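The values are calculated or read from the model by the stated rules, or taken from the named source; none is laboratory data. These numbers were taken from a predicted model, which means no experiment stands behind them. Using ideal geometry, Cβ is built from the backbone for each residue, glycine included, and neighbour counts are taken over all protein chains shown. Side chains included, ligands, DNA and RNA excluded: accessible areas come from the protein's heavy atoms. Shrake-Rupley method; radii C 1.70, N 1.55, O 1.52, S 1.80 Å.
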Amino acid sequence: MSSSSSATNTNWWTRTCGPLDVLKMALPLVISTASWTIMTFIDRMFLMWHSPSGEEMAATLPASMLHFTVLCFPLGVCIYTNTFVAQYFGAGKHDRIGLAIGQGLRVAIWSAPALLLLAPIVPNIFVMAGHDATLVAYETVYYQVLSVGAVAVLANNTLRSFFMGRGSMLICMVVDCGGALLNILLDVVFIFGWFGVPEMGIEGAAWATVVSLWTKAVVFWWLMHRPRFIQQYRIGDIWRFDASVMRRLLYYGAPNGFQFFIDVAGFTGFTLLVGSLGKEAMTATTLAFNVNSVAFVPMIGIGMAISTIVGQQQGAKKPVLSARATWSGFFLAAIYMGSFSVMYLAVPDLFLFGFAANSSPEEFAVLRSTVIVLLRFVAAYCLFDAMNVVFVSAIKGAGDTQFVVWANVAIAAG
């Protein structure tokens, strides 16, 4: 469809920045984030098979959440690179894109020493939270191995911004799905000890994640340096420090990171508290949130698409289209999350059968009864999750991270 015909199209579904436009941009990102969900789901299912008592699987939730909490601030800054790229692209300032990516990568690299130095210290939090000694041992090894891939997480989110901010979502989808597939294959090898590799259990699951993260970073870097991009987007400027762009990135990105920290720290505190209640409570909670991630994490893909579209339209000075894209995204998100709410209530065993496959029927029956109750609560807040992701993403795409931070502080204080 030509731009002129798009502009005059009054059909609600097919008009510019209507649901179809948002869906086209969001679908590859939904698949990208869904690949991470599937990878995590299978990763924890394998750990349940490896250790039917559930301790290895239970340890992954508090360890991964604590790791993510430590990453939140620099990650929020790196992710905000996407808004810079989208707005530069929408405004036709292509020569500024390489410079923006370079400043985001500096934040990732500058964060490395602190992240590695914290690795041997932070796991003491598991002990202070009162977790069982066996659970602490698993949590500690999982956290410390994941720390080796911490900078790769930051670099991936910066490098994918080059493609996502310009609307090249298919490349992000292919790389993310490839990384998830590699992770799953390495899970089998490292967790169970195939092909002469020592059986490592939960440590192997963490190493599989680290290898796939660094592989994705290398692939994104290679794709970004293709000849047709180097001149058009001034990729060589990655190596140039620009104080003004860095100041702007920190000015807008730091509140984004702080908001991430507030959101994630609260949930991390909850998981640490649950872990103090014993292995059974932690296993049931990990399983319930693992199932919830099947719905919630792909929603992040819709949020990233909305943030990108809003950024592009704001860069092009078209706020009306930004608002239209936001409401179109909410319509799609509400249908998506509403469908999962119904399934969590009507057919919960659809999401649990893989975990039951290698467990004692008697033990899993007790676990299942607790998870079913937890999924009812998950179903109740699914639509609110959709609202939060969509509207917060739109506000960030427009460049207002300050409002989001203060709103989160007010909610947390309340």
Taking first residues from the range 93-115 that are over 8 Å from Ile238 (Cα atoms) and second residues anywhere that are surrounded by fewer than 16 Cβ atoms within 10 Å (Cβ to Cβ), the pairs with Cβ under 9 Å that are 6 or more apart or on different chains are His94/Gln232; Asp95/Gln232; Ile97/Gln232; Arg106/Phe241; Val107/Leu250
Unique residue being open to solvent by 30 Å² or more (accessible area, probe 1.4 Å), among the small types (Gly, Ala, Ser) and assigned to a helix (DSSP H, G or I) when the list is Ala295, Ala288, Ala281, Ala333
Ala281
Criterion first (more than 30 Å from Asp95 (Cβ to Cβ) and either open to solvent by 30 Å² or more (accessible area, probe 1.4 Å) or out of contact with any strand residue (DSSP E or B) (no Cβ under 7 Å at 6 or more places or on another chain) (or both)) does Ala150 satisfy it?
yes
Only residues that are under 17 Å from Thr40 (Cβ atoms) and either without any contact (Cβ under 8 Å) to a residue 40 or more places away in the chain or open to solvent by 20 Å² or more (accessible area, probe 1.4 Å) (or both): list them for the range 52-66, please.
Ser64, Met65
Kindly establish whether Arg106 is farther than 30 Å from Asn292 by Cα and charged (D, E, K, R).
yes
Positions within the range 116-136 being in a helix (DSSP H, G or I), in contact (Cβ under 8 Å) with a residue 12 or more places away in the chain and either buried (at least 21 other Cβ atoms within 10 Å of the Cβ) or more than 23 Å from the chain's Cα centre (by Cα) (or both), in sequence order
Ile125, Phe126, Thr134, Leu135, Val136
Kindly indicate whether any position in the range 94-104 is on the phi < 0 side of the Ramachandran plot, open to solvent by less than 50 Å² (accessible area, probe 1.4 Å), assigned to a helix (DSSP H, G or I) and of a type in the set (Asp, Glu).
no
Mind checking which pairs have a first residue in the range 264-277 that is more than 25 Å from Val405 (Cβ to Cβ) and open to solvent by less than 20 Å² (accessible area, probe 1.4 Å) and a second that is of a type in the set (A, V, I, L, M) and at pLDDT below 80, Cβ under 8 Å, 6 or more apart or different chains?
Val274/Ala281; Val274/Met282; Gly275/Ala281; Gly275/Met282
Condition (residue is β-branched (Val, Ile, Thr), modelled with pLDDT of 95 or more and outside any loop (DSSP other than H, G, I, E, B)) applied to the range 78-89: is it met by at least one residue?
no
Test Phe220 against the stated conditions and say whether it is open to solvent by less than 20 Å² (accessible area, probe 1.4 Å) and modelled with pLDDT of 95 or more.
yes
Within the range 339-362, is even one residue of a type outside the set (Lys, Arg), more than 22 Å from Thr37 (Cα to Cα), over 22 Å from the mean Cα position of the chain (by Cα) and assigned to a helix (DSSP H, G or I)?
yes
Unique residue being over 24 Å from Ser244 (Cα atoms) and among the β-branched types (Val, Ile, Thr) when the list is Val136, Val107, Val85:
Val136
Hey, does the range 232-242 have a residue that's among the charged types (D, E, K, R), open to solvent by less than 90 Å² (accessible area, probe 1.4 Å), in a helix (DSSP H, G or I) and closer than 17 Å to Leu159 by Cα?
yes
Could you list, in sequence order, the residues of the range 187-201 that are within 25 Å of Ala155 (Cα to Cα) and either in a loop (DSSP other than H, G, I, E, B) or in contact with a Ser or Thr (Cβ under 7 Å, 6 or more places away or on another chain) (or both)?
none
Restricting attention to the range 163-183, and to residues there that are among the aliphatic types (A, V, I, L, M) and within 16 Å of Ile309 (Cα to Cα), which single residue is surrounded by the fewest Cβ atoms within 10 Å (Cβ to Cβ)?
Leu170
Residue set Thr37, Thr60, Thr14, Thr33; condition more than 28 Å from Ile125 (Cα to Cα), β-branched (Val, Ile, Thr) and part of a helix (DSSP H, G or I); output residue Thr33
